[in-house]
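**Q** Before I ask anything, let me first share the structure, which is written out below as structure tokens.
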Amino acid sequence: MNHASPSPLSALRSGPLKGRIRIPGDKSISHRALMFGAMTIGETRIDGLLESGDVLNTADAMRAYGATVERGKDGCWHVYGLGPGGLLEPEQPIDFGNAGTGVRLCIGIAGAHPFATTFVGDASLSGRPMGRVLEPLMDMGADVIARTGGRLPLTIRGADPMAPISYRVPVPSAQVKSAVLLAGINIEGTTTVIEPVATRDHTERMLAGFGADIETEVNCEGETIIRLQGLPKFSPQAFTVPGDPSSAAFMIVAALLAEGSDVTLESILLNSSRTGLFTTLQEMGADLVIENERLSGGETIGDIRVRHSELRGVTVPAERAPSMIDEYPVLAVAAAFARGETLMQGLAEMRIKESDRVAAVAAGLAANHVEHSEGPDWLSVTGGVCRGGGTVTTHLDHRIAMSFLVMGLAADQPVTVDDGNVIMTSFPNFTDILTGLGAEFSATGAAA
């Protein structure tokens, strides 16, 4: 995505938000669906794929490896893959733009194939370390050429043959775990991942759904142990991607903050590894109710009804961080309107996202006159009446942009982000959906 010409965008204090909405498909599942489809012989049909910049970069990457990936007239995506271990050497460097999840998972796939793949990205992605993903792949036998810290651009080449490993994930990271498992698909033998702290399990669920021989158990020490047999006989799938809870978070907080709001979000993913924000908001006093809970494609989904609520500050424990790591920016916005102090702990992972999100959130709060303090792995916000009126630097980070636009919908004065274009990375119709509910935005900061 080209960020050469930033487009500032302001959110204005808005009246009640009301309606029923569908959120775009979950980004984590969308990335994985394309990748698994590329490693399956036959057609995989994907309904509800998130058509954002990040996910479309993954689609392009799978094409570069020889898979056929196309959007049908039916609105569904169709992937014709080459089977485990069957991907072809890409002719050009693969550009993942701003897609951190996409590139880290694809590095896992690339590291298990006996040819070189070069990955590049935009300025934000090129500044993010990949070392934690690269370390286990090098243990398997892959060779890597990269900048300090494993930063892009980097080139990785798998050994022939690669060796399966038993790997203990040093810090909670679904991306590291998934990269190891995606490599393990293409390696003969048993690949084992040990998680001292459980993280989101979309990869394991999708592996099982495609027919892989995968086992998960919890040992007496509370660790999750995952064992995967390599070179499985994958079966093509047809499934629907549920609504992304990380994208739903912005709509939920907006409805909580805008007076008189009553919004229902349909068919949202409710995987327990992704619902930490919902639990936290309920602890803060949110009128948030899950309705019509059901199973779809091995995942729990449901409708979420949320109404304007008076929130109170809480302490969010560090152990909850893996289930809501992407939602802390918008939680900080909710905390800016809550009575008392909200303390968020265990945030070290936030400092190596699209931006240093702890620092970016703190700067955005400061620009809008919200009392706060931060530490290496924590953030404290003291809420009340939110004045707003500030301009927030997004650092090319879509979640920073959307979070502070949500703030502007309920603050006394408009809140401006320096570039609304970055939202396209994950949620292309963010402003359209909110406008349909009754929100107001302006490209100049003046009332539309």
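Since every read-out is calculated from the coordinates, none of them should be taken as a lab result. Since the structure is predicted, the reported quantities are computational estimates derived from the model, not experimental observations. Counting neighbours? That spans all protein chains shown, and the Cβs are built from the backbone with ideal geometry, glycine included.
**Q** Just order 366-373, 354-361 by mean Cβ neighbour count inside 10 Å, highest at the front, would you? Numbers along the way, then the final one.
**A** Details: 366-373: 17.8, 354-361: 22.8.
So the order, starting with the most tightly packed, is 354-361, 366-373.
**Q** Place a +1 charge on the Cβ of each Lys and Arg in the chain and a -1 charge on the Cβ of each Asp and Glu, then give the dipole magnitude about the Cα centre in debye, rounded to the nearest 20.
**A** On the way: 34 positive and 52 negative charges, 56 e Å.
It comes to approximately 260 debye.
**Q** Using the 10 angstrom Cβ neighbour count as an exposure proxy, how do Y80, Y167 rank, fewest first?
**A** Fewest-to-most ranking of Y80, Y167: Y80, Y167.
**Q** Using a Förster distance of 45 angstrom, determine the FRET efficiency expected from the C-beta separation of E223 and H369, and round it to 0.05.
**A** The formula returns an efficiency of 0.50 here.
**Q** Nearest 10 degrees is fine. How inclined is helix 357-367 to the longest principal axis of the chain, computing both from alpha carbons?
**A** The answer is roughly 20 degrees.
**Q** On C-alpha positions alone, give me the angle between the axis of helix 53-64 and the longest principal axis of the chain, in degrees, nearest 10.
**A** Once rounded, the angle reads 10 degrees.
**Q** Sticking with this one: Taking θ as phi - 60°, what are the ³J(HN,Hα) couplings along the range 414-429 by the Karplus curve (6.51, -1.76, 1.60), each to the nearest whole Hz, with x for Gly and Pro?
**A** x, 10, 10, 10, 6, 7, x, 5, 5, 4, 4, 3, 10, 8, x, 9
**Q** In addition: Specify the angular offset, from 0 to 90 degrees and rounded to the nearest 10, of the alpha carbon long axis of helix 27-38 from the longest principal axis of the alpha carbons in the chain.
**A** 20 degrees
**Q** How do 120-129, 336-345 rank on mean C-beta neighbours within 10 Å, highest first?
**A** 336-345, 120-129
**Q** Based on the mean of other Cβ atoms within 10 Å per residue, sort peptides 105-111, 388-394, 209-215 so the most packed one is first.
**A** 105-111, 388-394, 209-215
**Q** Let me ask another. Name the long-range amide H neighbours of S267: under 5 Å, sequence gap of 5 or more, or other chain; modelled H, no Pro or chain starts.
**A** Long-range HN contacts for S267: G302, D303, I304.
**Q** In the range 27-239, with Lys and Arg counted as +1 and Asp and Glu as -1 at Cβ, which of these residues, G211, L87, L154, has the Cα nearest the positive end of the dipole, that is, farthest along it?
**A** L154
**Q** Arrange M39, M251 by Cβ neighbour counts within 10 Å, fewest through most, would you? Could the numbers behind the result be given before it?
**A** Working: M39 25, M251 28.
Going from sparsest to densest Cβ surroundings: M39, M251.
**Q** Where in the range 358-384 is the amide nitrogen less than 12 Å from a point lying 7 Å along the Cα-to-Cβ axis of E135?
**A** No residue passes the distance filter.
**Q** Need the full-extension length gain, E293 to S235, defined as separation in residues times 0.36 nm minus the C-alpha distance. One decimal, nm.
**A** Extra length available between E293 and S235 comes to 18.1 nm.
**Q** Hey, what number do you get for the chain at 222 nm if only DSSP H runs of n ≥ 4 count, each worth -39500 (n - 2.57), divided across all residues, to the nearest 500?
**A** -8500 deg cm²/dmol
**Q** Between R339 and residues 5 or more places away or on another chain, which pairs have amide H atoms under 5 Å apart, with H built 1.01 Å from N, and which residues are they?
**A** Close amide H contacts, sequence-distant or interchain: L311, R312, G313.
**Q** Here's another thing I want to ask about it. Based only on other Cβ atoms within 10 Å, what is the fewest-to-most ordering of L181, L405? Intermediate values should be presented prior to the final figure.
**A** On the way: L181 23, L405 29.
Sorted ascending by nearby Cβ count, the order is L181, L405.
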